[in-house]
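To start, the structure under review is shown below, and the notes come after it.
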């Protein structure tokens, strides 16, 4: 006689989790993976479609570099509404929508800030770079070098899409690959942090911020977080708990792909180290700086208008979009799309000590502070949202001058400023592993001495 085996709900869950574990799927992934997967899928594919104008097959190939599980996404493009929907294994369906001038963001019920913003048209200019799009200063010898380097990179599977060289005040070489050109807006990921830092430096120049003061967030006023200063946040030494590991269930992925307000999510983080003493790289902190910019200026519309008037137009941006999240706050950790020439403008501003197109956007002193090592006990080679070549015992890039510093983003995006050589190098692409920054950039600098 057979025994009747009763399967309780708890036993069923144990069995499912055990089978998932054998398949390499962790319990954490089961809980958080579908939401993160559909979030990253809709967001990146929407921006690739409507901001970058990227080939859909290439956009999907780029996406699944982050995880092969993303091959299981069900994706629907909706041209009539300029949106993209996706779900992972049929779970956690999400949609990201496009707003002209603001790019894409994942949609959330009861969050209409993006649709309510009055967006300005950004004009194009044919005048000479950096004020406009005109470039007639190419050096044929340097151009040949960059062309060869991009070809070599892509033969090695490094997916370099733009490589640009500024010497003095001019673009002297620029090379493009994999379907991009001089007008292609490309995602800089964490290089957006450096732009937001500049935006805050501009507020300081205008007397609207004091970096030695508290950011003034109401949520922090009654606990030890009231001791955090703006300069601590800029140098990633604020002491807040934040994990940047990018696994499902991690702080960074939850913030970027499952939260309507990135800054609200981070405002809840606890203090785990004394402010100013310990470096912890945090995209969460970067989005708190965006919130600071937003609150200082009085809300989403005022922050957007100020960016267009005080940063976008003076910089001479031609093909750039700074996306906001569903709450209407700039996604300062990650989502600035710009052409290589536009990214180079950011580097030129720093090279010129805070001036571009005959306008001062930040003080010379701010540029000096932004490129000076922090005072942490564990990693000093980081300034105001810029990575530094020097500051620790060894240079990050031993064959590049010690005074170099740079904006840096996921997939090896770089805008490197080298003051001693009067040089800016921009590299944009989609490299999953190591990119030979030290070797390639040193070769470019060597060629400049010939």
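Going by average Cβ density within 10 Å per residue, which order do the peptides 222-232, 256-266, 106-116 take, highest to lowest? The partial results should precede the final answer.
On the way: 222-232: 16.9, 256-266: 21.7, 106-116: 14.8.
Result, highest mean Cβ count within 10 Å first: 256-266, 222-232, 106-116.
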For region 170-280, the Kirkwood Rh over every pair of distinct alpha carbons, in Å, works out to 16.6 Å
Projected convex hull area of the chain, Cα atoms, direction-averaged, in nm², equals 25.3 nm²
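For the chain, what's the relative contact order in percent, using C-alpha pairs closer than 8 Å and at least 6 residues apart? Intermediate results must be reported in sequence, preceding the final value.
Details: 871 pairs, mean separation 76.6, N = 450.
Reported relative contact order: 17 percent.
Is region 332-450 rounded, prolate or oblate when judged by the Cα gyration tensor, a ≥ b ≥ c being the square roots of its eigenvalues, rounded requiring a/c under 1.5 and prolate requiring a/b larger than b/c? Walk me through the intermediate numbers first.
On the way: a/c = 1.21, a/b = 1.07, b/c = 1.13.
Since a/c stays below 1.5, the shape of region 332-450 is classed as rounded.
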Computed over the chain: longest principal axis from alpha-carbon atoms vs helix 340-351 long axis, angle to nearest 10 degrees, is 60 degrees
Longest principal axis of the chain (C-alpha) makes with the long axis of helix 140-155 (C-alpha) an angle, in degrees to the nearest 10, of 10 degrees
Rounded to the nearest 500, the 222 nm mean residue ellipticity computed for the chain from DSSP H runs (n ≥ 4, each -39500 (n - 2.57)) alone is -10000 deg cm²/dmol
Taking only the alpha-carbon atoms of region 131-232, the convex hull volume per residue, in cubic angstrom, is 176 Å³
At the level of C-alpha centres, the distance separating region 111-150 and region 199-223, in angstrom, is 31 Å
In whole Å, largest first, the alpha carbons of region 184-234 cover along the principal axes 47, 24, 16
Check: C-alpha center region 277-319 vs C-alpha center region 360-432, spacing in Å is 20 Å
Per its Cα gyration tensor (rounded if a/c is under 1.5, else prolate when a/b beats b/c, else oblate), region 251-296 is best filed as oblate
Relative to the chain, whose Cα atoms define the longest principal axis, helix 437-448 and its Cα axis are tilted in degrees, nearest 10, by 20 degrees
Once normalised by the length of region 102-217, the mean sequence separation of its alpha carbon contacts under 8 Å that are 6 or more apart gives a contact order in percent of 15 percent
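Since every read-out is calculated from the coordinates, none of them should be taken as a lab result. Source: prediction; values computed, not measured. Glycine gets a Cβ as well: all are built from the backbone with ideal geometry, and neighbour counts include every protein chain shown.
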